[in-house]
1. Being at pLDDT 90 or above and under 20 Å from residue 129 (Cα atoms) narrows it down to one of 564, 534, 525, so name that one.
2. Kindly indicate whether any position in the range 322-329 is free of Cβ contacts under 8 Å to residues at least 60 places away in the same chain, outside any strand (DSSP E or B), of a type outside the set (Asp, Glu) and open to solvent by 50 Å² or more (accessible area, probe 1.4 Å).
3. How many residues are out of contact with any helix residue (DSSP H, G or I) (no Cβ under 6 Å at 6 or more places or on another chain) and in a strand (DSSP E or B) when one looks only at the range 294-312?
4. Sort out which residues of the range 23-45 are open to solvent by 20 Å² or more (accessible area, probe 1.4 Å), aliphatic (A, V, I, L, M) and assigned to a loop (DSSP other than H, G, I, E, B), and write them in order of number.
5. Could you say which residue among 273, 245, 291 is of a type in the set (Gly, Ala, Ser), surrounded by fewer than 17 Cβ atoms within 10 Å (Cβ to Cβ) and at pLDDT below 90?
6. One residue is enough: does the range 403-413 have a residue meeting the conditions modelled with pLDDT under 90 and either among the charged types (D, E, K, R) or open to solvent by 40 Å² or more (accessible area, probe 1.4 Å) (or both)?
7. For the range 434-441, indicate whether the set of residues that are modelled with pLDDT of 90 or more, of a type in the set (Lys, Arg) and open to solvent by 10 Å² or more (accessible area, probe 1.4 Å) is non-empty.
8. Only one of (1) in a helix (DSSP H, G or I); (2) at pLDDT below 90; (3) not small (Gly, Ala, Ser) fails for residue 210. Which number is that?
Amino acid sequence: MLASVSSQIKYFVLAALLFALAGCTTYGETVQTVLDDARAGNYAVADEIAQQSLSPIGKDQLLYYLERGMIAHLDGRYQDSNTLLEQAYFIADSQYQTELKDWLATAMTHPGNAAYKGQLYERSFLHYTKMLNYLMLAQQSDNAIDQAKLLDGARVENRRIQLLLDSNVLKTGDYDDAKNGQEKLFTQFGKIFRELNGELYDPADLVFRDQAFAHYMMGAMYEQYGELDNARISYQRAAELYEKGYAQQYKLDPEMTRQAWRDTVRVMQKAGGYQDRWPQLVKTKALLKEGELEQLYQKDQAELLVVQHVDLSPQRKVLNMHLMINERSRQIVVRPVPIGSRQEQREQAAWFYILYADKGIYNLVRDFSDGSILNSEGLLFNSHATTLEPVWSLVEETGLDQILGNGGVRVAVPYYPIPYEPMKTVGLNLSTTTTDKTTAQQKSYPMIKADSVAMLGLLQQVIDAQNDLNNAMARETLRNMLTMKALKNLGGLGILGSKLITASTTNADTRSWLLLPHHIRIQRLQLPAGTHRLVLSSESQNGQTVQQTETVTLAAGELKILNLRTFVPAPPTKKQ
């Protein structure tokens, strides 16, 4: 009779866990209307809804200011954007001191109840966006005194980015340190054992170390400000970062490395005094295009830097898992419970397999040698199993076998869907009317992929994945234990009730700054003084074409930055 009751409880719990999966709400779903209105250019509406959806106090206050700051930037309200983002900067700077408070807030709920601190790359883009705001305001102003003040503001943001990234390099090491580490004997042994265990990556290879694109844009700002030595240093640091690993790590266009080196040489020529250095760079880096002269700097020409911010950052979603103890094999087992569309289910299963599932020859030999493979959950299903045999007495003493038995518990972790490129093709068409009213022949240029927020977010999530799962398992075990104790007088119904309560409130932290772009492309042109008409043509993966037309007037020796945002159009409404 007791066995029958226990079996019924187990089935009720499993049904309850499956029912609870439908209750997961992600941050992206919470602000989806904001994103849709921003994509449609309805910035006033987007800002109003953001104020309703998010709060300027509490756990999401950083996102309140980040999202609203980006909406103001997109709307051309650059001063408002800076005011909002400056508030975000102070919040982000103070959030790193609240870890004990966050632990208490999440131990019996879920990690989304902790104050959002932001990722390091998000903090870098905060200052980058403020820098762009100051540069756009300076380009709009005709007052030399106001321009100088605005460029000073941009310079402050430059310094903040520099300090942030330099501090991170001290913690993580740069790409040279990473390369030297890979050559050490200990690291080689580690690689062997990772392969035996079926581990597909080394987390050290994915760490965010420095941001090449931020240094490149700092170089452009310094050049615009007239600080050519600082511009050269920033361009060169960007070029070296792209070359040593940044471009490969974040799947960027190799041409971006060459572009950064070209700008390094051009600024050397512009500043003068580097005749013993730049010719060697031109030769060793193969910087000249066909028929091009070594003198990349032409003082009678203007410079136009087109910066295209493409669509929206991918949204983190929830991967549900079933955590249980198999008493026969004495293993703790976790397996994915994919939900959603077929594509979403396949992505969730792939994420679990790559980051969590048992794989590799070492695991198979281990399980076969002690006979546990006969009872292993991983033999027939995609799962991760860890033996509890050495500590089984402690498991029984603490009641862990009861907590994670009887149908197990639900755990949830964040994951990224595959970050497909929003645009299939992007090209820049240019026609020029020079100062003598002669119209040049139209030319076309590719847009170079210079940075990827999508890949920055994806790799950071991969790094955090194991820690996310460990914390989720510990949190859900504790929550189930305390809830079961509170309802212990109800017997079998108490077990069922405790499982229902905890499963219905389990969730993952899916928050991130979603109005950041998916990735960034640039094109740098040296043009004659005059008026230039540019058409940026982008084709989405669905075949939709977006054309953005801009007219710019350039003076000889001037560097102008053209800042654009390109959104994928909403799919056409299907006719009934």
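The values are calculated or read from the model by the stated rules, or taken from the named source; none is laboratory data. Just so it is clear, the structure is predicted and the values come from calculations on it, not from any experiment. Glycine gets a Cβ as well: all are built from the backbone with ideal geometry, and neighbour counts include every protein chain shown. For accessibility, only protein heavy atoms count, side chains too; no ligands or nucleic acids. Shrake-Rupley method; radii C 1.70, N 1.55, O 1.52, S 1.80 Å.
1. 564 is the lone residue from the list that is at pLDDT 90 or above and under 20 Å from residue 129 (Cα atoms).
2. yes
3. Here the count works out to 9.
4. Within the range 23-45, just 40 meets the criteria.
5. The conditions single out 291.
6. Yes; the residues of the range 403-413 include at least one that is modelled with pLDDT under 90 and either among the charged types (D, E, K, R) or open to solvent by 40 Å² or more (accessible area, probe 1.4 Å) (or both).
7. no
8. (1)
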